[in-house]
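Worksheet: the structure to be examined is printed underneath.
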Amino acid sequence: MMRYLQSPLDESTVRSLKAGDIVYVSGQVITARDEAHIRALEYLDDGKDVPECLYGCTLYHCGPIILERDDGYELIAAGPTTSARMNSLEPRFIKEFGVRVIIGKGGMSSEVVETMKECGCVYLAATGGAAVTLAEGLSKVDGVEWKDLGMAESIWRFDSNRLGPLVVAMDSNGDSLYENVRSSLRR
């Protein structure tokens with residue numbers, strides 16, 4: 001089934017998505033990789049403020065390539081990074097920030113899948129190697145948080161317009177296209 005989603009998403013919309021659905025996302029999307037995850041969780045532990053955009057977010061595991069110009073920022077490329085790098089951080093991140101959607105490549109651990117089931121979150125697979133095409137769906141850079149982490153590790157806020165196509169690869173029922181492939185290969 002093809003779905004057009006508006007971010008931020010509510011839990012009932014997320015829970016209606018099924019593994020194998022094709023989706024396009026419009027609205028706010030943020031990027032965050034390892035260092036942003038680590039800092040956000042450390043800030044919570046230390047009682048420091050974290051960027052408001054993290055709450056209920058559509059989170060893209062991506063280190064975008066962005067040019068800073070006199071009149072703002074220009075997005076050049078936005079390909080997915082390997083999500084498994086965040087496996088140890090993501091369960092708590094989902095719980096603390098109410099993450100509804102994760103976009104990335106390669107899938108995530110069974111622990112993350114269990115947290116997605118519990119909290120109402122889905123994993124959308126983006127095509128690796130399609131960084132320029134995916135950037136076209138992130139129509140406007142709305143800002144950046146923690147720029148000191150560097151371009152790839154900062155939290156970038158985007159206003160997206162039909163980011164995709166993306167595949168629901170892990171849904172909030174615990175269904176995983178990655179696990180389905182592994183199971184069929186074992187048979």
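The values are calculated or read from the model by the stated rules, or taken from the named source; none is laboratory data. Just so you know, these numbers come straight off a predicted model, no measurement behind them. All Cβ positions, glycine included, derive from the backbone under ideal geometry; neighbour counts span all protein chains shown.
Taking the criterion of being surrounded by fewer than 19 Cβ atoms within 10 Å (Cβ to Cβ), among the hydroxyl-bearing types (Ser, Thr, Tyr) and within 17 Å of the chain's Cα centre (by Cα), the only residue of region 32-70 that qualifies is 55.
Those strands (runs of 3 or more DSSP E) of region 103-187 in which 2 or more residues are in contact (Cβ under 8 Å) with a residue 24 or more places away in the chain, crowded, with 19+ Cβ neighbours inside 10 Å and not charged (D, E, K, R) occupy 122-125, 155-170. Are any residues in region 138-158 among the charged types (D, E, K, R) and within 20 Å of residue 6 (Cβ to Cβ), and if so, which ones? Matches in region 138-158: 140, 142, 157.
Looking only at region 126-165, which residues are hydrophobic (A, V, I, L, M, F, W, C) and over 13 Å from residue 79 (Cβ atoms)? Passing the criteria: 141, 144, 146, 149, 151, 155, 156, 158. Only a single item in (1) charged (D, E, K, R); (2) within 28 Å of residue 23 (Cβ to Cβ); (3) in contact (Cβ under 8 Å) with a residue 12 or more places away in the chain is not met by residue 39, and it is number (2).
Of 74, 153, 114, which residue is in contact with a helix residue (DSSP H, G or I) (Cβ under 9 Å, 6 or more places away or on another chain), acidic (Asp, Glu) and within 23 Å of residue 28 (Cβ to Cβ)? On inspection, the qualifying residue turns out to be 153. Condition first: touching a residue at least 60 places away in the same chain (Cβ under 8 Å), in a helix (DSSP H, G or I) and in contact with a Gly (Cβ under 6 Å, 6 or more places away or on another chain). Can you find one or more residues in region 5-14 that meet it? Yes; the residues of region 5-14 include at least one that is touching a residue at least 60 places away in the same chain (Cβ under 8 Å), in a helix (DSSP H, G or I) and in contact with a Gly (Cβ under 6 Å, 6 or more places away or on another chain).
In this structure, residue 11 does not qualify as at pLDDT 95 or above, surrounded by fewer than 20 Cβ atoms within 10 Å (Cβ to Cβ) and more than 28 Å from residue 177 (Cβ to Cβ). If you go through region 90-102 and pick out every residue that is in contact (Cβ under 8 Å) with a residue 40 or more places away in the chain and closer than 22 Å to residue 177 by Cα, you end up with 5. Checked against (1) in contact with a Leu (Cβ under 8 Å, 6 or more places away or on another chain); (2) not in a loop (DSSP other than H, G, I, E, B), residue 50 passes all but a single condition, namely (2). Of the residues in region 71-81, not one is surrounded by 24 or more Cβ atoms within 10 Å (Cβ to Cβ), polar (S, T, N, Q) and either under 13 Å from the mean Cα position of the chain (by Cα) or assigned to a strand (DSSP E or B) (or both). Within region 21-45, the set of residues being closer than 15 Å to residue 164 by Cα, in contact with a helix residue (DSSP H, G or I) (Cβ under 9 Å, 6 or more places away or on another chain) and either of a type in the set (A, V, I, L, M, F, W, C) or assigned to a loop (DSSP other than H, G, I, E, B) (or both) comprises 30 only.
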